[in-house]
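So the structure is just underneath, and the comments pick up after that.
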């Protein structure tokens, strides 16, 4: 039996369609599981430019050796709609990104980047560097996005999001 090139070429679309249908799609999702921010406390007052205590307990949802976390400051509570598919917040939906860190699990050694610090510095938005914005007694949301890697079910990445409200440039306490 001799196959012609035209016969083989006619089979290509059918083969690629069936192969594509059998390959699991990699997806990204925000899941309900997430760590918790232990410091600062809910509605703690933080002055512009002040250093404040920071504590975060991760859940290691997918039991990875290392878990990337990113810390943000938002004007409104975080929503999935404000997040991009890579687990970041879209430009214009956040005030400040404190940075990215890597939480080691199972007693593994620290890597680069290091684990989240025990304190962070609140930006002073009234300075030119941050747009000369003035906020007084403003409720902002300190937000942590955890990136869960190597989740079962061929999931490329999943994300956990948690936040705590803080009072920026407080003129009175709650």
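Structure summary
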| read-out | value |
| --- | --- |
| When residues of segment 88-125 are limited to those that are in contact with a helix residue (DSSP H, G or I) (Cβ under 8 Å, 6 or more places away or on another chain) and not in a loop (DSSP other than H, G, I, E, B), the one surrounded by the most Cβ atoms within 10 Å (Cβ to Cβ) | 89 |
| Flag if residue 85 is in contact with a strand residue (DSSP E or B) (Cβ under 8 Å, 6 or more places away or on another chain), touching a residue at least 40 places away in the same chain (Cβ under 8 Å) and in a loop (DSSP other than H, G, I, E, B) | yes |
| Residue selected from segment 44-59 under the condition surrounded by fewer than 16 Cβ atoms within 10 Å (Cβ to Cβ) and not in a loop (DSSP other than H, G, I, E, B), by the criterion farthest from the chain's Cα centre (by Cα) | 51 |
| Within segment 27-43, considering residues that are in a loop (DSSP other than H, G, I, E, B) and modelled with pLDDT of 95 or more, the one surrounded by the fewest Cβ atoms within 10 Å (Cβ to Cβ) | 42 |
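Residue by residue, here is whether (1) closer than 21 Å to residue 37 by Cβ; (2) modelled with pLDDT under 95 holds:
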residue	(1), (2)
56	yes, no
62	yes, yes
84	no, yes
118	yes, no
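The values are calculated or read from the model by the stated rules, or taken from the named source; none is laboratory data. Only a predicted model underlies this, so the values are computations on that prediction, with no experimental measurement involved. Glycine gets a Cβ as well: all are built from the backbone with ideal geometry, and neighbour counts include every protein chain shown.
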